[in-house]
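Below: the structure, in structure tokens.
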Amino acid sequence: MCAKPVFINLMSVRSCLALGLLSICGVASALAQQQDMTSRLFRNPAELQPVTPQKAPGQSLLVLRAPSALAPQQDVTYDLNVNYTDTKIANPYFGGEDLVHLRSYNGSLIAPSISLYPSQSVRIRLHNQLPVEDTTDCPSPEGRVHSVPNCLSTTNLHFHGLHVSPTGNSDNVLLEHPPGQNFEYEVNVPVDHPAGTFWYHSHRHGSTAAQVSSGMVGALIVKGKRTLDDRPQNGGIADIDTILKNSGGGDLKENVLLLQQIAYACFDDPNSDTITTKLASGGKSVWYCPPGKSGEVKYYSTQFGPGSWRSSGHYTMITGKMQPQFGEWKPGEGEAIRAGEIQRWRIIHAGVRDTVALQIIKATDVDPALAAVPVGALEQSNWVDQHCKSGEVVQTWEFALDGLTRKRATAKMINILQPAYRSDVLIAFPSEGVFCVLDQSVQQSSVVNPGPGQKDTRLLALVRVTGGTPVQGDLKTYIVNSLIAADPTMPGTIAQQLRDDDLTAFAPNTDLSQQPIARTRDVSFNISFPVGAPLRFEVNGALYDPSRVDFKPVLGTTEDWNVTSTLAAHIFHIHVNPFQIMDIKDAKGASIFTADGRCTELDLKDKQGNPAPDPQYCDLKNVFRDTIFVKQNYHILLRTTYARYIGEYVLHCHILDHEDQGMMLNVEVVPNAASSVAVTRAATHAH
Ligand SMILES: [Cu+2]
């Protein structure tokens, strides 16, 4: 009956009729459609291809620098268009595909990946080809309220996680480009920039959530070619990429998993923000687009906010695909994944409104020839219960966080990814068969979007493994031993360090624990409820004001920051310089890291008193990253050095609709007093 998986199954419809429940259980089966198999196959994003800029007559030609050992091209120019795309998104709740009309990069839900190299000058010509907005949707700058979303088609570009200049036409999110404007960014990647997984997205205050939630996100990959042997001539830097080899000595196969949460909706009438909903299986009403209507991202009032994602019925997509299939599902369809083959997965949480608790479990009783999961919320949930509960978890080996190689790698059974997090892992599937990639149910305090109801377990993807050699025993040990075996020239000391999860030789950031501290600062995220006025999304009690600079740290100094959330959980992100996590204190003010090396987050209990361990903070002590989830009333103690760049940039909550509504502030790194005096004197002498 209804609880069984429903494909196109008349028996199910009859059982439902017999029970008089057609309105509930008939919905899914009546609309059920088999998904197009080939469209479900996972594919990496295309790489953005450089263009040769045309020079106007009479203009002096740019002298391009010769390629170096680090970069195949020292000067490179790309075109990136912002325009609408009309495409389809599969709907796991109702079956079939919904039409969507969304702002995009280059007309696709899958924006191209951009490869960067240390020492490279990268120009990106951003062309805003969206339709012009009227002054109702986009008031002139003087008429804007900086806590009210506006100008949803005005954009800019942020290079998330890169350590580059925040000013001028570099990673400057204080710029904005209305429809019709073309703008050339130039990012100079320092020669000592870490190699790793970063991402680009629009970051124009007032429209960030709308654009990122439309899929305006792409991978930004800094390639690493600096070997251990060449450390002396590369300033002591070695990239872990240079030891990630397969047994033939070639590079490991890489997959870019861009987690996207597209907040599209259809509306009851063209001038209303009331989202059209429909009863789905399981008795829950979720967002619904009738045939012929296209889903859009238009209204913060109804499409973003507490509970919005949970009530939408939408699922997290991976790299533009809903519940994609990895591996070879039919001969010649999809790229085969072999048992024991080690792959690098670059996981980028590019969504806005839901935590992803990623876990990979061997599936049972799945016929790969069928390769379809049923439609309908209840049916999907039952399918996962039936097929993804073997308990045989595929452990991954995480070697980088937020693009930065960890000093200590960590073996993960579950990978809790908050919006804007990146996680680079090595993965090997131990046997042939089908594997479920799940977004697991975790407790409310661990997620960005609490309620209504518990976060449920959902299927994110399926992996089919064919051929290869089964792996016996511990996967992490297998992965490390395979890396060592693949590189006969690897020094014995490095091999031993790898066995001990010690990646110090490849970690780019200098430990700050002994640094002198110039000062400490407090950052507090809060949502307040003024009587008779809209909610306020505040940092340190204030809403964002572009004319106000709250913090002015001095170039070259190191500071301690104490970051907390006083109402709900928020996500702290700061541009330009990563931070080291020195300590995390729970709501009672106690460090979660005990003197004897335990993590008290593993002792957490749910409301009923059952064990509800939350491992997400446990491997973060002393780790460098650029984004951190801040649980309500917890305190994250960060340490950061203002290196290399002066100028103004921002910190903000990466629940991006909070940012658009005011949860952001300006930071300006200023030169130290001695050098500013020198500048003043030089100016005086010049006159
Ligand atoms: Cu927030």
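Out of the residues in region 556-591 that are of a type in the set (Gly, Ala, Ser) and without any contact (Cβ under 8 Å) to a residue 12 or more places away in the chain, state the one that is farthest from Arg625 (Cα to Cα). It would help to see each step written out before you state the result.
Narrowing region 556-591 to residues of a type in the set (Gly, Ala, Ser): 556, 565, 568-569, 587, 589-591.
Still in the running and without any contact (Cβ under 8 Å) to a residue 12 or more places away in the chain: 590-591.
Working: Ala590: 22, Ser591: 19 Å.
Here the answer is Ala590.
Taking the conditions (1) in a loop (DSSP other than H, G, I, E, B); (2) touching a residue at least 60 places away in the same chain (Cβ under 8 Å); (3) open to solvent by less than 30 Å² (accessible area, probe 1.4 Å) in turn, Ile237 satisfies each one other than (3).
Do we have any residue at all in region 372-393 that's among the charged types (D, E, K, R), touching a residue at least 24 places away in the same chain (Cβ under 8 Å) and surrounded by fewer than 22 Cβ atoms within 10 Å (Cβ to Cβ)? Give the steps one after another, and end with the answer.
At the first step, the residues of region 372-393 found to be among the charged types (D, E, K, R) are 379, 385, 389, 392.
Narrowing the set further to residues that are touching a residue at least 24 places away in the same chain (Cβ under 8 Å) leaves 379, 389, 392.
Next, only the ones that are surrounded by fewer than 22 Cβ atoms within 10 Å (Cβ to Cβ) stay: 389, 392.
Yes: region 372-393 contains one or more residues that are among the charged types (D, E, K, R), touching a residue at least 24 places away in the same chain (Cβ under 8 Å) and surrounded by fewer than 22 Cβ atoms within 10 Å (Cβ to Cβ).
One residue stands out in region 490-504 among those that are in contact (Cβ under 8 Å) with a residue 12 or more places away in the chain and not in a helix (DSSP H, G or I): the one that is surrounded by the fewest Cβ atoms within 10 Å (Cβ to Cβ), namely Pro491.
May I ask you to list the residues in region 325-378 that are among the aliphatic types (A, V, I, L, M), within 30 Å of Gly473 (Cβ to Cβ) and not in a strand (DSSP E or B)? First the steps, then the outcome.
Within region 325-378, the subset among the aliphatic types (A, V, I, L, M) is 336-337, 339, 342, 347-348, 350, 352, 356-358, 360-361, 363, 366, 369-373, 375, 377-378.
Of the ones still in play, those that are also within 30 Å of Gly473 (Cβ to Cβ) are 336-337, 339, 342, 347, 356-358, 360-361, 363, 366, 371.
Hits for region 325-378 are Ala336, Ala363, Val366, Ala371.
Cβ-Cβ contacts under 8 Å between residues 6 or more apart (or on different chains), taken from a first residue in region 505-518 that is surrounded by fewer than 16 Cβ atoms within 10 Å (Cβ to Cβ) to a second residue that is in a loop (DSSP other than H, G, I, E, B), are listed as Asp511/Asn622; Ser513/Asn622; Ala518/Pro553; Ala518/Thr557. Give me the residue from region 175-191 that is open to solvent by 20 Å² or more (accessible area, probe 1.4 Å) and in contact with a Pro (Cβ under 7 Å, 6 or more places away or on another chain) and, out of that set, nearest to Ser140 (Cα to Cα). Going through the qualifying residues, I end up with Pro179.
Among the criteria (1) within 30 Å of Asn672 (Cβ to Cβ); (2) at pLDDT below 95, the one Ala507 does not fulfil is (2).
The criterion of at least 1 residues that are more than 16 Å from the ligand (Cβ to nearest atom) and of a type outside the set (Phe, Trp, Tyr) is met, among strands (runs of 3 or more DSSP E) falling completely within region 601-680, by 635-641, 647-653, 664-669. One residue is enough: does region 574-590 have a residue meeting the conditions within 16 Å of the ligand (Cβ to nearest atom) and out of contact with any Asp or Glu (no Cβ under 6 Å at 6 or more places or on another chain)? Among the residues of region 574-590, at least one is within 16 Å of the ligand (Cβ to nearest atom) and out of contact with any Asp or Glu (no Cβ under 6 Å at 6 or more places or on another chain), which makes the answer yes.
Filter region 524-573 down to residues that are within 16 Å of the ligand (Cβ to nearest atom) and assigned to a loop (DSSP other than H, G, I, E, B), then give me how many there are. If you could, list the steps in order and put the result at the bottom.
The first filter runs over region 524-573 and keeps only residues within 16 Å of the ligand (Cβ to nearest atom), leaving 524-529, 534-544, 563-573.
Going one step further and asking which of them are assigned to a loop (DSSP other than H, G, I, E, B), we end up with 529, 534-535, 540-541, 543-544, 566-569.
So the answer is 11.
The values are calculated or read from the model by the stated rules, or taken from the named source; none is laboratory data. Predicted model only: the values in this text are computed from it and were never measured. Note that we place each Cβ from the backbone using ideal geometry, even for glycine, and neighbour counts take in every protein chain shown. The protein model used for the area step is the full one, side chains on, heavy atoms only, and it has no ligands, DNA or RNA in it. Shrake-Rupley method; radii C 1.70, N 1.55, O 1.52, S 1.80 Å.
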